[in-house]
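Asks: Before I ask anything, let me first share the structure, which is written out below as C-alpha cells.
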Amino acid sequence: MQPNQYRDVRLEKLGKLKALGLDVWPRKAKRTHGLAELVATYGDAAAWPNEKLEGLGLTVSVMGRVLTIREMGKSVFAHLSENGEKLQAFFRKDDVAEPGWEVLNLLDMGDFVSVTGSLMRTRTGELSVRVKAVQFLSKALLPLPEKWHGLQDKEQRYRQRYLDLVSNPEVLKTFQARSRIVSAIRRFMEDEGYLEVETPMMQPIPGGATARPFITHHNALDMALYLRIAPELYLKRLIVGGFEKVFEINRNFRNEGLSVRHNPEFTMMEFYAAGQDLRDMMALTEGLISGLARDIMGAEIIPWGEQAISYAAPFRRLTLKDAIAEYGGIERRLLEDDAAIRTLAKAVHIEDADTKTAGVLLGDLFEHHAEKQLIQPTFITDYPIELSPLTKTLEGDDRFVDRFELFIGGMELANAYSELNDPVDQMGRFQAQMAEREAGNDEAMLLDLDFVNALEHGFPPTGGEGIGIDRLVMLLTNSASIRDVILFPLMRPMKPAESEEKEG
RNA sequence: GGGCCUAUAGCUCAGUCGGUAGAGCAGCGGCCUUUUAAGCCGUUGGUCGCAGGUUCGAGUCCUGCUGGGCCCA
C-alpha cells in the first residue's frame, strides 16, 4: 500500500481526534434504529411532515458510512449509508455540543459514525437527523471512489469488490437480489419436500459431467483428489440409499476457460426425486423460475439487454431436431438422415465432421444454429444418446434420450434427465465413454465402479436436474457477465509470483 | 489459440498533426446556519501500465511484454 497525500492527511486527522480524547475505534456502535428502518417508517413526506416529526420528541442514534459532506458555513449536511439505504444528517453549530462541532472538521467521506438527535424534515422535504452528538466508529484512511461516477474500471471493480459495492449502489442491489433468490430457491425446494444434503467437493473420481477437473493431492493418504465437476453420482447414491427427494446448492469446479458465461468455480443446484421423470422436472422448473421472477423480482417480464424475457409458465418445448430446423432454416427431414446431417455439419465447418457420429453432430448443429437464439425460456428435448451417458433412452427410440436442457437468454440454464437406472446399460455407457477417452477425448466420463455397484443394489426411476445458479441470477438481474453476479470472480494475480522470477 | 479494444492525478475522463501533461470530483486554505453532484475564491497532487526502438524531441509513432474488456474457435 503506497502512502499518498490522502492517507497522510487522514492519519493526521486521526491523531487530532485521539488528542481530543475520543475513542475513534469503539467496540460497539451507539444505535437505537437501523437506518433503513427509519427511512421506511418516516420516509413518507405526506404522512410525516416536519411538524409531526418534530412533535414526536423521538431521539434516535443511527450508524452509517459517510458518503457525502456538504459544508455550509456553520451548518453541515452529510449523507450516511447503511445496507444500501441513505439518510441525511444535519449538523448545526448551535445544536451540536462540543466537541462534536470541532470534530466535524476531522470527518471525511468514508468514515463510519453514529449520530444521535431528533428526526426532522428539511426545507426541501428530506428526512434528516438533526444531530446533537456524533460518535466516531471508524476512520477511513483511504478515499472512496468518486461520488458521482462511482468506480468504473472493471478490473478494479472485480479485484476490489468492496469498493465496487460501496460506490456503485446497483452492484450491492444485484448481490442482495442474489441472496434473496438463493434463499427463495431453498424455501421452494423444501416446500416441495426436498432435503438439502452435502456431498463431496473433493472426489477420487470426478464424475457426473463431461468437463476437465482441477486436481489436487491429499498428503496423509498420498492420493490424488479432484475438485468435483458435478455432485450427480453422489446424489444418486443417496436415492439408492432411500432418500426420496434431495437437493444440493454448492460449488462445482471446471478447469476450463473464462467467459461472460463461465467462471472456473460456479454454483449449481442439483436435485433428484425418486419415482419421477422428466415431465415432473419440467413442471417443477417452470414453477420455480416463474415464481422467482414474479415473487422475488416482482415481474413476469424482465429485461435482458436490449430484449425482454417473459418468465410466465408454461415455457416453450421443442425437440433438438425441431430447434435446428426452425432456427437454422433447415429442412426437417434432412435431420433424419445421417449422411445429410454430416453434410450440414461440414457446411458450417464443424470440426471432425467426418469422424463424429450423427448424434454428436446433431448436438454441434444445435449449438451452432439454435442455442444463441433461444432467448425466451425453451425446453429442448430428445438429445442424442452419445451426449448423455447417464440418461434413460426414449421409449421406442434408443438413439435418443429422455433429457431436456432449458435455454433462456441464449444460455444453457438447466439440464435434466429421466435418470438411467439400469446398471447393465449404465456400465455399457461408461465403457463407451472410456473408449472415447482412449480415442483422445479427455472430457469423456470416467468409469465409477462404485456408482455402478450402487445401481446394482436397486435405483428407482428418478427425475434429476441441475440448474446453474449464477446464470439464473444473471437473467433475473439483467447482468451481462457472470462476473457481475459472483462476488469475487477469478482474476489473474496482478504481478507474477516472485518465486517464478527467481527460478532459473 | 486468433482478432479487436483498452491502461494518463486517489476516482471519472480529455489530450488535435509528434513540440512545456489538462479538466471535474476528491484533498488542502478561505467565505457561507436548510444543502442535494451545493456554490464562490485560492491551491497541492503525475514512474502517461512495463521494456525497448524511431526521432532534435514520444502520452502521441513502431516492436515486445503485462493486466483488463469484448468477439471468435
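Asks: Treat the count of other C-beta atoms within 10 Å as a stand-in for reagent exposure and order A:His149, A:His262, A:His79 from fewest to most.
Replies: A:His149, A:His262, A:His79
Asks: Can you give the FRET efficiency for A:Asp425 and A:Leu446, using 1/(1 + (r/R0)^6), R0 = 22 Å, r = Cβ-Cβ distance, to the nearest 0.05?
Replies: Numbers: r = 18 Å, r/R0 = 0.80.
Computed FRET efficiency for A:Asp425 and A:Leu446 comes out at 0.80.
Asks: Then there's this: Is region A:451-495 best put as rounded, prolate or oblate by its Cα gyration tensor, with a ≥ b ≥ c the root eigenvalues, rounded for a/c under 1.5, and otherwise prolate when a/b is larger than b/c, oblate when not?
Replies: oblate
Asks: Still on this model: Which value in deg cm²/dmol, rounded to the nearest 500, describes the helix-derived mean residue ellipticity at 222 nm for chain A, given -39,500 (n - 2.57) per DSSP H run of n ≥ 4 and division by the residue count? Could the numbers behind the result be given before it?
Replies: Numbers: 16 runs with 163 residues, N = 504.
Using -39500 (n - 2.57) per qualifying helix, the result is -9500 deg cm²/dmol.
Asks: How much length, in nm to one decimal, is gained on full extension between A:Glu336 and A:Asp44, taken as 0.36 nm per residue of separation minus their Cα-Cα distance? Let's see the in-between values first.
Replies: Values: separation 292, 0.36 × 292 = 105.12 nm, distance 6.51 nm.
Taking A:Glu336 through A:Asp44 to full extension adds about 98.6 nm, to one decimal.
Asks: For A:Met223, A:Met201, what's the fewest-to-most ordering of other Cβ within 10 Å of each Cβ?
Replies: Values: A:Met223 9, A:Met201 15.
Fewest-to-most Cβ neighbours within 10 Å comes out as A:Met223, A:Met201.
Asks: In what sequence do A:Phe271, A:Phe214 fall when counting other Cβ within 10 Å, fewest first? Can you show the working numbers first?
Replies: On the way: A:Phe271 27, A:Phe214 16.
Sorted ascending by nearby Cβ count, the order is A:Phe214, A:Phe271.
Asks: Moving on to the next point. Shape verdict for region A:210-274, please, from the Cα gyration tensor: rounded (a/c under 1.5), prolate (a/b greater than b/c) or oblate. Intermediate values should be presented prior to the final figure.
Replies: Numbers: a/c = 3.02, a/b = 1.27, b/c = 2.38.
Cα axes put region A:210-274 in the oblate bin.
Asks: For region A:3-138, with only Lys/Arg (+1) and Asp/Glu (-1) charged at the beta-carbon, what is the dipole magnitude about the Cα centre, in debye rounded to 20? List each step's numbers first, then the result.
Replies: Numbers: 20 positive and 17 negative charges, 43 e Å.
For region A:3-138, the charge dipole is close to 200 debye.
Asks: As I understand it, the dipole of chain A uses +1 on the Cβ of Lys and Arg and -1 on the Cβ of Asp and Glu, about the Cα centre. Which of A:Leu390, A:Tyr162, A:Leu320 lies farthest toward its positive end?
Replies: A:Tyr162
Asks: Would you work out which of A:Val401, A:Val131, A:Ile229 lies farthest towards the positive end of the dipole of chain A, given +1 charges on the beta-carbon of Lys and Arg and -1 on that of Asp and Glu, about the Cα centre?
Replies: After comparing all options, I get A:Val131.
Asks: Next up: Please list A:291-303, A:457-469 highest first by mean number of surrounding beta-carbon atoms within 10 Å per residue.
Replies: Working: A:291-303: 14.5, A:457-469: 19.7.
Result, highest mean first: A:457-469, A:291-303.
Asks: Grab the Cα-Cα distance for A:Met491 and A:Phe243, subtract it from 0.36 nm times how many residues apart they are, and report the gain in nm with one decimal. Spell out each step's value before the answer.
Replies: Working: separation 248, 0.36 × 248 = 89.28 nm, distance 3.92 nm.
Length difference between fully extended and current span is 85.4 nm.
Asks: Let me ask something additional. With each pseudo-label sitting 7 Å past Cα toward Cβ, what's the A:Ala299-A:Met109 distance in nm, one decimal?
Replies: Between A:Ala299 and A:Met109, the label points sit 3.0 nm apart.
Asks: Please report, in debye to the nearest 20, how large the charge dipole of region A:294-438 is about its Cα centre when each Lys and Arg carries +1 at its beta carbon and each Asp and Glu carries -1 there.
Replies: Working: 15 positive and 28 negative charges, 61 e Å.
The dipole magnitude comes to about 300 debye.
Asks: For region A:424-500, what class follows from the C-alpha gyration tensor (a ≥ b ≥ c being the square roots of its eigenvalues): rounded when a/c is under 1.5, otherwise prolate if a/b is larger than b/c, else oblate? Write out the running numbers ahead of the final one.
Replies: Details: a/c = 3.00, a/b = 1.56, b/c = 1.92.
Oblate.
Asks: Let me ask you something else. Å³ per residue of the Cα convex hull, for chain A?
Replies: Looking at chain A, the number lands at 222 Å³ per residue.
Asks: Between A:Glu367 and A:Glu102, what FRET efficiency comes out of the Förster formula 1/(1 + (r/R0)^6) with R0 = 60 Å and r the beta carbon distance, rounded to 0.05?
Replies: Details: r = 67 Å, r/R0 = 1.12.
It comes to 0.35.
Asks: Also, quick follow-up: Assigning unit charges at the beta carbon (Lys, Arg +1; Asp, Glu -1) and nothing else, what dipole magnitude in debye, to the nearest 20, does chain A show about its Cα centre?
Replies: Values: 60 positive and 77 negative charges, 672 e Å.
Using only the charged Cβ atoms, the result is roughly 3220 debye.
Asks: Between region A:153-211 and region A:1-69, what's the alpha-carbon centroid distance in Å?
Replies: 32 Å
Asks: Calculate one ³J(HN,Hα) per residue across region A:299-305 by plugging θ = phi - 60° into the Karplus curve 6.51 cos²θ - 1.76 cosθ + 1.60, and present them in order as whole Hz with x for glycine and proline.
Replies: Couplings: 7, 7, 10, 10, x, 9, x Hz.
Asks: When averaged across all projection directions, what area in nm² does the alpha-carbon convex hull of region A:374-504 cover?
Replies: Values: hull surface 51.8 nm².
Approximately 13.0 nm², given one-decimal rounding.
Asks: Can you tell which of A:Leu56, A:Ala29, A:Asn83 lies farthest toward the positive end of the dipole of region A:3-138, using +1 and -1 charges on the Cβ of basic and acidic side chains (Lys, Arg; Asp, Glu)?
Replies: About the Cα centre, the residue reaching furthest to the positive side is A:Ala29.
Asks: How much FRET efficiency would the formula 1/(1 + (r/R0)^6) give for A:Lys52 and A:Ala29, where r is the Cβ-Cβ distance and R0 is 30 Å, rounded to 0.05?
Replies: Numbers: r = 28 Å, r/R0 = 0.92.
So the FRET efficiency works out to roughly 0.60.
Asks: With 31 Å as the limit, write out which pairs from A:Lys147/A:Lys372; A:Lys16/A:Lys154; A:Lys173/A:Lys392; A:Lys154/A:Lys346; A:Lys28/A:Lys132; A:Lys132/A:Lys154 have Cα-Cα distances beyond it, or answer none.
Replies: Values: A:Lys147/A:Lys372 38 Å; A:Lys16/A:Lys154 37 Å; A:Lys173/A:Lys392 42 Å; A:Lys154/A:Lys346 39 Å; A:Lys28/A:Lys132 19 Å; A:Lys132/A:Lys154 41 Å.
Exceeds cut-off: A:Lys147/A:Lys372; A:Lys16/A:Lys154; A:Lys173/A:Lys392; A:Lys154/A:Lys346; A:Lys132/A:Lys154.
Asks: Find how many whole Å separate the alpha carbon centroid of region A:281-329 from the alpha carbon centroid of region A:390-461.
Replies: Between the Cα centres of region A:390-461 and region A:281-329 lies a distance of 25 Å.
Asks: Seen from all sides and averaged, what is the projected area of the convex hull of the Cα atoms in region A:124-202, in nm²? Mind showing how you got there, number by number?
Replies: Details: hull surface 45.2 nm².
Convex hull of Cα atoms, orientation-averaged projection: 11.3 nm².
Values in this text are rule-based calculations from the coordinates and carry no lab data. Small disclaimer: the values here were computed from a predicted structure and weren't measured. Here Cβ is always computed from backbone atoms with ideal geometry, including for glycine, and neighbour counts include all displayed protein chains.
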